[in-house]
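The values are calculated or read from the model by the stated rules, or taken from the named source; none is laboratory data. All values derive from a computational prediction rather than experimental measurement. Here the Cβ is made from the backbone with ideal geometry for all residues, glycine too, and neighbour counts use every protein chain on show.
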Amino acid sequence: MAPGGGLFPVYAEEGSITAFRGQAKFQLQTLYAGGRQPNVVVAMDGTVLATFVPDAALQVRRSEDGGKTWGDPIILGKYKHLFSGGGVTVDETSGDIFMFAEKYEWPRTPPPPTIYRSKDHGKTWQVQETVIHPAKNGDRPTMHMAEHGITLRHGKHKGRLLRPARFYGPTDTRKYLPTMYNTAIYSDDGGNSWQTSGRFPELGTGEGTVAELSDGRIYYNSRRHGDPPGAKYNPCLRWEAWSDDGGATWKDSAVCTILPDGARKSIGAGSGCMAGLVRLPVKGRDILLYSNCDSQGGDRKDVSVWASFDGAKTWPIKRRVYKGPSAYSSLAAGRQGTSSEGWIYIQLEGGPRHRYQGSQLARFNLSWLLQGEKTGDGKPSLDE
């Protein structure tokens, strides 16, 4: 059983790359009709959970066979103005899963988010009474849309829950995009209370992603909503930053010269696109996967996945996952010893007629991804 008497066997957190290799595999299916804001995570027993927000209702679908078949949607809550559905976080110590919902109430300050907690791998959910402490400067983060959170596995902060978050200006308007910024929240008590991290080093950021490397450093990859006046950076590329204190502070920001931030000609205020990010659970290796649109024009379409084999230094391989209109995406990796083992999951907004037509769920393995296109940025390394 899990530590603390949980409901799942104790599986190894990380294993061999072999599980993600073998014959190339790829499968695609539609999960939701209409809606936005995808997240996908894998519970500690291997159940795959895909969350989405159709019809202003925060919903989740579960798969207990590795993503082959899916149960009916479970509705956690309906909101008149639901503003958030991202940042789903699996506590790898207890097995509990957290989901975040937030109402849109500008120009007033948004109320505290509603946090749902599941203790049975997503079958049932209860509202979790908790507190999210503001940042040291008094700013209160919003939970509005982000990639899923993570549990830290390495170093002195092992067991910490870490979830991307953000800070808005006085209102959610394009006027204030250049002053908004990313942050994160973290919990050292199993999700009962959360602290707000220091600010992401760059303004105009939002909808972040985080991944922990094998040495305990945290990689933060961020959308760029709108750069401050006078900025001379390519607006179609992503911001990166790092933390060496478990996500409490962020530093060493830089523009990633390879990874696109949505459609490459969609620039100006409100540009960019939410992305997916996951580190494969391979012991001693830092294989990261990133997903976003791969469009040379101004339309969001052709969501693709990029792979790094050296902890985000280079991104030598990419492959298109969905051909056609598509937008936000989220990535997850299967767990060793479960029905999800060896699979990589991506849930994305998309459809044949419109990018917000519904939710598509693809599962594939690393062998399939390696058959993709070389980017010219380094070389893949698969040595154990």
Residue in region 351-360 that is surrounded by fewer than 23 Cβ atoms within 10 Å (Cβ to Cβ), farther than 22 Å from residue 221 by Cβ and touching a Leu at 6+ places or on another chain (Cβ under 8 Å) present
yes
Residues to consider are 268, 284; find the one that is in contact with a Gly (Cβ under 9 Å, 6 or more places away or on another chain) and either modelled with pLDDT under 95 or of a type in the set (Val, Ile, Thr) (or both).
268
Here's a check for you: in region 232-263, which residue that is touching a residue at least 12 places away in the same chain (Cβ under 8 Å) and basic (Lys, Arg) is surrounded by the fewest Cβ atoms within 10 Å (Cβ to Cβ)?
251
Filter region 337-350 for residues that are at negative phi and either outside any strand (DSSP E or B) or aromatic (Phe, Trp, Tyr) (or both) and give the result.
338, 339, 340, 341, 343, 345
For residue 176, which of the numbered conditions (1) assigned to a helix (DSSP H, G or I); (2) crowded, with 17+ Cβ neighbours inside 10 Å fails to hold?
(2)
Within region 209-253, which residues are hydrophobic (A, V, I, L, M, F, W, C) and either under 20 Å from the mean Cα position of the chain (by Cα) or modelled with pLDDT of 95 or more (or both)?
210, 211, 213, 218, 236, 237, 239, 241, 242, 248, 250
Restricting attention to region 305-348, the residues that are of a type in the set (Val, Ile, Thr) and within 16 Å of the chain's Cα centre (by Cα) number exactly 3
State all residues of region 351-384 that are closer than 16 Å to residue 32 by Cβ and either β-branched (Val, Ile, Thr) or in a loop (DSSP other than H, G, I, E, B) (or both); if no residue qualifies, say none.
351, 352, 353, 354, 355, 356, 357
Go through (1) modelled with pLDDT under 95; (2) assigned to a strand (DSSP E or B) for residue 85 and report which single condition fails.
(2)
Filter region 271-281 down to the residues that are surrounded by fewer than 24 Cβ atoms within 10 Å (Cβ to Cβ) and at pLDDT 95 or above and list them by number.
280, 281
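Please determine whether any residue of region 117-133 is of a type in the set (Phe, Trp, Tyr) and touching a helix residue (DSSP H, G or I) at 6+ places or on another chain (Cβ under 9 Å).
Keep residues of region 117-133 that are of a type in the set (Phe, Trp, Tyr), which gives 125.
Applying the additional criterion that residues be touching a helix residue (DSSP H, G or I) at 6+ places or on another chain (Cβ under 9 Å) yields none.
No, there is no match, as no residue in region 117-133 is of a type in the set (Phe, Trp, Tyr) and touching a helix residue (DSSP H, G or I) at 6+ places or on another chain (Cβ under 9 Å).
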Going through region 21-63 one residue at a time, which ones are under 23 Å from residue 367 (Cα atoms) and in a loop (DSSP other than H, G, I, E, B)?
21, 22, 23, 24, 25, 46, 47
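Condition check: modelled with pLDDT under 95, of a type in the set (S, T, N, Q), surrounded by fewer than 21 Cβ atoms within 10 Å (Cβ to Cβ) and under 26 Å from residue 190 (Cβ atoms). Does residue 114 satisfy that?
yes
Every residue, every condition in (1) part of a loop (DSSP other than H, G, I, E, B); (2) within 19 Å of residue 221 (Cα to Cα), yes or no:
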residue	(1), (2)
284	yes, no
291	no, yes
298	yes, no
304	no, yes
307	no, yes
310	yes, yes
315	yes, yes
318	no, yes
With respect to residue 257, determine if the residue is modelled with pLDDT of 95 or more and of a type outside the set (Gly, Ala, Ser).
no
What about residue 149, is it touching a helix residue (DSSP H, G or I) at 6+ places or on another chain (Cβ under 6 Å) and either surrounded by 23 or more Cβ atoms within 10 Å (Cβ to Cβ) or at pLDDT below 95 (or both)?
no
Is it true that residue 142 is of a type in the set (S, T, N, Q), buried (at least 17 other Cβ atoms within 10 Å of the Cβ) and either under 27 Å from residue 274 (Cα atoms) or modelled with pLDDT of 90 or more (or both)?
yes
